[in-house]
Amino acid sequence: MVVLLLVLGTGASRDARAVIVNFQGLTGDGQGILGHTFVSGGSIAHMAAFYGSNGVAGPYTRLVSPDAFDTATGNEVAFGSTGSPFAATASAPHGLEGSGITGPLHIALSGFTLDFNNVADLFFTSPTDETRFYRNGSVAILEEVGPGSFNQLASYTNGVFQIDIDYSTGSITNTFNGTREAGSLTIFPETWTGTSFNPVDVAGSTPQGLFGAFSVTTALDVNTAESIPEPGALAILAPALLLLACRRSV
């Protein structure tokens with residue numbers, strides 16, 4: 001029993017196991033990310049010259065996945081409401097089967113907003129490189145458990161996308177950070193990176209204006225290790241086990 005207490009006290013456990021889950025959303029499959037609420041680059045004082053020299057009409061100032069965008073009204077709606085595909089999918093098998101997650105995984109997002117007049121959220125770092133911060137977004141990771149049936153595994157609030165665009169090469173990269181909500185599976189990270197490509201500058205229009213679309217890839221570093229008691233819990237547990245050992249030794 002003394003040996004058991006020493007093992008618990010040091011917090012020994014098996015090593016964490018990480019699985020990289022790759023998501024892909026292609027506009028040709030109806031997936032990807034939509035940009036809407038277009039703003040003319042010429043109306044943004046600190047970016048007008050930059051956009052002009054790179055032939056950019058202006059930025060879309062909101063980001064949403066197709067499942068949460070009503071193309072008839074231009075409004076963002078609840079995840080899955082439109083019947084359109086999600087932003088990106090990781091088809092099974094994806095490496096999480098050992099954690100009991102066997103169906104395809106999907107990412108949905110909405111609410112990401114660019115404060116385009118804020119020089120800290122929209123700026124350029126070279127004559128051809130631009131950075132944008134889209135904030136206050138919501139994200140959900142869902143497992144498809146049957147045709148048209150989904151189980152939400154994780155959700156995030158206060159989401160931020162940092163988008164970096166190199167107009168000389170067409171390269172677009174993104175980094176996500178968000179606050180994982182209570183009830184979410186903690187194996188899913190609060191940050192991940194991805195790329196965007198093949199942008200469709202204008203995919204359609206609504207009464208609220210034009211919207212565009214672009215394909216995306218995203219890689220999530222998922223920690224599938226079993227959780228162990230926190231150190232505080234071990235401190236409470238160890239004296240109880242020691243007392244039990246003493247009683248048994250009498």
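The values are calculated or read from the model by the stated rules, or taken from the named source; none is laboratory data. Treat the numbers as computed from the prediction; the structure is a model and nothing was measured. Glycine gets a Cβ as well: all are built from the backbone with ideal geometry, and neighbour counts include every protein chain shown.
If the requirement is being surrounded by fewer than 22 Cβ atoms within 10 Å (Cβ to Cβ), in contact with a strand residue (DSSP E or B) (Cβ under 7 Å, 6 or more places away or on another chain) and touching a residue at least 40 places away in the same chain (Cβ under 8 Å), which of these qualifies: THR157, THR82, THR128? Even if it seems obvious, please write down each step before you answer.
Numbers: THR157 fails: touching a residue at least 40 places away in the same chain (Cβ under 8 Å); THR82 fails: touching a residue at least 40 places away in the same chain (Cβ under 8 Å).
Being surrounded by fewer than 22 Cβ atoms within 10 Å (Cβ to Cβ), in contact with a strand residue (DSSP E or B) (Cβ under 7 Å, 6 or more places away or on another chain) and touching a residue at least 40 places away in the same chain (Cβ under 8 Å) holds for just one of THR157, THR82, THR128, which is THR128.
Of the residues GLY80, GLY98, GLY103, only one is on the phi > 0 side of the Ramachandran plot and not in a strand (DSSP E or B); which? Break it down into steps so the answer makes sense when it comes.
Details: GLY98 fails: on the phi > 0 side of the Ramachandran plot; GLY103 fails: on the phi > 0 side of the Ramachandran plot.
Just one listed residue meets the conditions, GLY80.
Any residue that is touching a strand residue (DSSP E or B) at 6+ places or on another chain (Cβ under 9 Å), among the polar types (S, T, N, Q), closer than 30 Å to VAL39 by Cβ and touching a residue at least 40 places away in the same chain (Cβ under 8 Å) - is there at least one of those in segment 175-190?
Keep residues of segment 175-190 that are touching a strand residue (DSSP E or B) at 6+ places or on another chain (Cβ under 9 Å), which gives 175-181, 183-190.
Next cut, among the polar types (S, T, N, Q) only: 175, 177, 179, 184, 186.
In the following step, the residues that additionally are closer than 30 Å to VAL39 by Cβ were identified as 175, 177, 179.
After this cut, where a residue has to be touching a residue at least 40 places away in the same chain (Cβ under 8 Å) as well, the list is none.
No; the residues of segment 175-190 include none that is touching a strand residue (DSSP E or B) at 6+ places or on another chain (Cβ under 9 Å), among the polar types (S, T, N, Q), closer than 30 Å to VAL39 by Cβ and touching a residue at least 40 places away in the same chain (Cβ under 8 Å).
Going by what's in this entry, would SER53 be described as out of contact with any strand residue (DSSP E or B) (no Cβ under 6 Å at 6 or more places or on another chain) and within 30 Å of ALA225 (Cβ to Cβ)? Spell out how you get there, then give the answer.
Working: out of contact with any strand residue (DSSP E or B) (no Cβ under 6 Å at 6 or more places or on another chain): yes; within 30 Å of ALA225 (Cβ to Cβ): no.
Answer is no for this residue.
How many residues are in a loop (DSSP other than H, G, I, E, B) and surrounded by 17 or more Cβ atoms within 10 Å (Cβ to Cβ) if we restrict to segment 27-43?
First, the residues of segment 27-43 that are in a loop (DSSP other than H, G, I, E, B): 30-32, 39-40.
Keeping just the survivors that are surrounded by 17 or more Cβ atoms within 10 Å (Cβ to Cβ) gives 31-32, 39.
Within segment 27-43, residues that are in a loop (DSSP other than H, G, I, E, B) and surrounded by 17 or more Cβ atoms within 10 Å (Cβ to Cβ) number 3.
What's the number of the condition THR61 fails, among (1) surrounded by 21 or more Cβ atoms within 10 Å (Cβ to Cβ); (2) of a type outside the set (Lys, Arg); (3) part of a strand (DSSP E or B)?
So THR61 meets the others, but not (1).
Would you say SER40 is hydroxyl-bearing (Ser, Thr, Tyr), modelled with pLDDT of 95 or more and over 27 Å from the mean Cα position of the chain (by Cα)?
Values: hydroxyl-bearing (Ser, Thr, Tyr): yes; modelled with pLDDT of 95 or more: yes; over 27 Å from the mean Cα position of the chain (by Cα): yes.
In short, yes.
Within segment 160-187, count every residue that is among the hydrophobic types (A, V, I, L, M, F, W, C) and farther than 20 Å from TYR134 by Cβ. If you could, list the steps in order and put the result at the bottom.
Taking segment 160-187 and keeping what is among the hydrophobic types (A, V, I, L, M, F, W, C), we get 160-161, 163, 165, 172, 176, 182, 185, 187.
Keeping just the survivors that are farther than 20 Å from TYR134 by Cβ gives 182, 185, 187.
Total meeting the criteria: 3.
Please find, within segment 138-168, the residue that is farthest from SER53 (Cα to Cα) out of those that are outside any strand (DSSP E or B) and at pLDDT below 95.
Pass one, segment 138-168, residues outside any strand (DSSP E or B): 147-148, 167-168.
Retained after the next criterion (residues that are at pLDDT below 95): 147-148.
On the way: PRO147: 48, GLY148: 46 Å.
That would be PRO147.
Going through segment 194-238 one residue at a time, which ones are of a type in the set (S, T, N, Q) and either at pLDDT 95 or above or closer than 18 Å to GLY170 by Cα (or both)?
Start the filter on segment 194-238 by keeping residues that are of a type in the set (S, T, N, Q), which leaves 195-196, 198, 205-206, 208, 215, 217-218, 223-224, 227.
Result: THR195, SER196, ASN198, SER205, THR206, GLN208, SER215, THR217, THR218.
Could you check how many residues of segment 64-88 are within 11 Å of GLY111 (Cα to Cα), touching a helix residue (DSSP H, G or I) at 6+ places or on another chain (Cβ under 9 Å) and of a type in the set (S, T, N, Q)?
0
Only one residue in THR113, THR73 is surrounded by 15 or more Cβ atoms within 10 Å (Cβ to Cβ) and more than 29 Å from ARG17 (Cβ to Cβ), so which one is that? First the steps, then the outcome.
Working: THR73 fails: surrounded by 15 or more Cβ atoms within 10 Å (Cβ to Cβ).
From the options THR113, THR73, the qualifying one is THR113.
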